[in-house]
Amino acid sequence: MTLNKDFLKALEDVLGPEYVSADPEITETYANPVRHGLPVPPRFEAITLPDSTEEVQAIVRLCNKYKVQYKASSTGWLYSDPAGPNCIKIDLRRMNRIIEINEKSMYAVVEPYVVGGQLQAECMKRGLNCNLTGAGANCSALPMAAHVNLGHLSQSGSYGERNLLALEWVTPDGEIVRLGSLGSLNEWFCGDGPGPSLRGIVRGNTTPLGGLGVYTKAAQKLFHWPGPTTFPMEGVSPKYKPAYIPPNFLMRYFSFKDLDAMVDAVLKIGEAEIATELMCFNAAMMAANLATKNVEEEREIYNRFSKEVQGPGFMVLIAANSAGDFEYKKRVLETIVDETGGKPLKEVEDPENQGGYIWRYFREVGSIKETGRVLGPQAGMVGGGDCFPLMTNFIKECSKVKERLIKEGLLFDDGTAPFLQSIEHGHMGHGEVLARVSLQAKDQMAVAREINRQSNEISIKKHFGVPQHVWGDSLHDMYGPNATNYHRWLRKIKKTFDPNGASESSTYITAKE
Amino acid sequence: MSLEKYRLDMETCRRCSACKFIPFEKVTGYDHVYVCPSITRYEFHSYCGGGRMVMGTALLEKRLTYTDKLLDIIYNCQMCGACDTSCKYSMDMEVIEPINEIRIDCVESGHTLPALDRVVNSLRKQGTMVPGARVKRGDWAEGLHLKNFKKDKVDVIYHVGCQTSYNQQMWKLAQTTARLLQKAGVNFGIGGMDELCCGGRAYQMGYKADFLKQAEANMTAIRESGARTLVTGCAECYFAFKVLYDKHNLKGDVEVLHTSEYFGRLIKEGRLVPSKKVEMEVTYHDPCHLGRQGEPYIHWHGKEIITSIRTFDPPKEYRRGTNGVYEPPRDVLKSIPGLKLVEMDRIKEYAWCCGAGGGVIESNPAFAEWTALERIKEAETTGTKAIVTACPWCIKNFTETISRNGSEMKVYDIVELLAQAI
């Protein structure tokens, strides 16, 4: 489909010709990486590169006027292909400014293409830290941009949806709306007032992933950082090593004889509020985080680790504020581990390994390694964000699907327990089944669909709530009737705010009746 | 087509965008996080390592064909390899190699840029990658009475390279290097008028056949000379002799050293003694082809095994930039009394490129200048007044950019400062 020439000309008038392209050589490369033999998704008709909220607004208005869809993304890891023709991309990479870091009120305001690593580094200089999305420091630091924005710091630093303060939003039909205190006082400190609050509407279940306009600036809550202004990593990539472990920092890994014992330990640690980070990584993820050479080395480390772990486990990271605080937290941790039968994985405690883990977990640079060293499609189930034991049981059930598919030779046997995490000191939890589709599977996409289908069935039949991977009409239509018909409300929101259906919403919900 | 060999590497890309940034463990603030000049300047995803991986698969699948626009994307890249290093912090896949293969395919299928054709024609006809030069290759050595390794028995060959030979501004650098070698009592010789281009830049522009011709001729001459060591002050030549020749099984057992490595060795042996104070504060710019791309080539012969996942037997080692030449130049600088080295934000394996590589300085000088200007501004933030580097191409691009745009920064080769101390 060819775009209307007047529309393209109008885009160029707004952005300048340098920042608009309908060339197939440009649009082709915006496709998610394409694998031989897998279906080729539609391409964007054009790519735009706005530099400001006003330019985003102008693009959105033109799309509404010319009946062209748009899809915005920031750093753009996944979920960024259009579902059909007649859609342009709003690539937000030129909107990359930190607007403000307010040390006194402990919040930061960013544009969408500030990445997590940048914001965190600036925060640390000021004795502060921010939650990064678990996908990594390479992803947007804007809370509404990066999915649910759960991350390694979520144990003590919550997550994006909840850390979100004031927000600037270009609605699907091109209005600029400033939410929270920004709407009344032109200040960023609060998301819900004084001023209009549309937090639930803009967020939905898992943020609309480009399906409800464009979020152009957002403030988020920051947290205290007791560590150094820059972390003392030496050496050359990828073999960075810590010069020393900062005082009052510690990282341990414990495994447990079964999931119940592990859950017990997680809840006790949460209750005691001693952990800065707690992630129930499995042995394979711990190995991937440490490996620097290749997948064979990763498997070697995993084989060593798997002999040492007795079952599911977690990494726990303490970053204390003083020597006394550190001693207290360390002792509490030891007591809880004793009580619950946790077994330490000694190799990670080696100072060089431990220091490296600590920094990689704060900076969240291991995520690509832990999940990304794959050639075939990744598959899995992204659980919801309900209470920790419920989410644990949900993932435990879903893991049976993974085990079955491994036995059928359709998934890579990584020999691992599911990945779980505790949020806000165990107040909530989240889990994911991560799987690599076998390169020998004949229909790799079918395997990915199958693991989702069976997991969704478990979620509905066993009342585990609405997971955070519910993207698109068919999944909402499946879950809605089982969850207060929320999909009808979501659809009304979509219809009200996007009367022309301009904001491409294949990963959100459409306004179809 | 050789690009096919890299299909699975290209398909391994996760679109995580790490290729656009310095390794995130090393991010210390908002500034200087970008590492790829191409995406930073041209903004569209197509211009980054990940975009180029999608482009490569699209070429294999015939979803893209060579057009002027595609050539614009392909050639507006300095081949600096920063994407490769940042990607390989996490991933096991080749990035810069398929990018180079795309260029080779361009040339082999007749899709070239006139500006680069002109350079390669100059190589074919005049034997130099510096077209339009009014001097001859060996003119710089006139009056120095240096041995010629093709006639005289020498232990060490000093290979000067095209940029230093044909740019009169650089002659002082070659002359100083020769004097230091003499002072250390090294039995060395030059190629003089008969020196041949290494072919490395031609390879990176995609002209593989021309590269191979140069490489074979060079190695024949080196073998016949009996010399065991080749020293060069040009990072591009260093990369060609050490890495590319090895990749194509042409290197043999000749030891290839950069002047910073060789002079560092002579200092350690006490054959050169930097004793005079050089009261300066300087910052060091790592040339891409000495730093991250100067890492030795790793040969791998074995079987790719596709089961549930992709593995290799024996396991494949990747060139991740870990073993590039980073410390020897710094060690030389640190050996100079009175000289203080202040590092920039982006150094070593994640250094920002000077802008001159990959044919960009010839095909798009404005982009080369933009890239250099970014680096000069970064150097200015160190508070020093001088950029020291170790490649004549970097020196040329920095010097010309400063003269056109203005800056108080002076540009030196490491050898010049060492000579001041001796």
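The values are calculated or read from the model by the stated rules, or taken from the named source; none is laboratory data. None of these values were measured; they are calculated from a predicted model. All Cβ positions, glycine included, derive from the backbone under ideal geometry; neighbour counts span all protein chains shown.
Points worth noting:
- Residue in segment B:86-99 that is closer than 26 Å to A:GLU364 by Cα, part of a helix (DSSP H, G or I), within 12 Å of chain A (Cβ to nearest Cβ) and in contact with an Asp or Glu (Cβ under 6 Å, 6 or more places away or on another chain) present: no
- Scoring B:LYS183 on the criteria (1) surrounded by 24 or more Cβ atoms within 10 Å (Cβ to Cβ); (2) farther than 14 Å from B:ALA141 by Cα leaves a single failure, condition (1).
- The lone exception for B:CYS391 - which of (1) within 14 Å of chain A (Cβ to nearest Cβ); (2) of a type in the set (A, V, I, L, M, F, W, C); (3) over 22 Å from B:ILE99 (Cα atoms) it fails: (1)
- Count of residues meeting criterion [assigned to a loop (DSSP other than H, G, I, E, B) and either over 21 Å from the mean Cα position of the chain (by Cα) or free of Cβ contacts under 8 Å to residues at least 12 places away in the same chain (or both)] in segment B:165-190: 4
- The requirement of being within 24 Å of B:GLU101 (Cβ to Cβ) and either more than 9 Å from chain A (Cβ to nearest Cβ) or not hydroxyl-bearing (Ser, Thr, Tyr) (or both) is not satisfied by B:GLU25.
- Of all the residues in segment B:276-333, those that are small (Gly, Ala, Ser) and either under 30 Å from A:PHE412 (Cβ atoms) or surrounded by fewer than 22 Cβ atoms within 10 Å (Cβ to Cβ) (or both) number 3.
- Check on A:LEU142, under 26 Å from B:ASP31 (Cβ atoms), crowded, with 21+ Cβ neighbours inside 10 Å, away from chain B (no Cβ under 14 Å) and in contact (Cβ under 8 Å) with a residue 60 or more places away in the chain: yes
- Which numbered condition A:ARG252 fails, given (1) outside any strand (DSSP E or B); (2) modelled with pLDDT of 95 or more; (3) of a type outside the set (S, T, N, Q): (1)
- Of everything in segment B:402-422 that is β-branched (Val, Ile, Thr) and in contact (Cβ under 8 Å) with a residue 40 or more places away in the chain, the residue that is surrounded by the most Cβ atoms within 10 Å (Cβ to Cβ) is B:ILE414.
- First in segment B:300-327 and within 10 Å of another protein chain (Cβ to nearest Cβ) and over 30 Å from B:SER260 (Cβ atoms), second anywhere and of a type in the set (Asp, Glu) and assigned to a loop (DSSP other than H, G, I, E, B), Cβ under 7 Å, 6 or more apart: B:SER308/A:ASP413
- Taken together, the residues in segment A:64-82 that are surrounded by 24 or more Cβ atoms within 10 Å (Cβ to Cβ) and of a type in the set (D, E, K, R) amount to 1.
- The residue list B:VAL332, B:VAL342, B:VAL360 contains one member that is closer than 25 Å to B:MET93 by Cβ, modelled with pLDDT of 95 or more and more than 7 Å from every other protein chain (Cβ to nearest Cβ), which is B:VAL360.
- Members of segment A:180-196 that are closer than 23 Å to A:TYR508 by Cβ and either touching a Lys or Arg at 6+ places or on another chain (Cβ under 7 Å) or at pLDDT 90 or above (or both): A:GLY180, A:GLY191, A:ASP192
- Hits in segment B:41-73 - residues which are more than 7 Å from every other protein chain (Cβ to nearest Cβ) and assigned to a helix (DSSP H, G or I): B:ARG41, B:TYR42, B:TYR47, B:GLY49, B:GLY50, B:ARG52, B:GLY56, B:LEU59, B:LEU60, B:ASP68, B:LEU71, B:ASP72
- Any hit, segment A:218-229, residues being more than 14 Å from chain B (Cβ to nearest Cβ), over 23 Å from A:ALA319 (Cβ atoms) and assigned to a strand (DSSP E or B): yes
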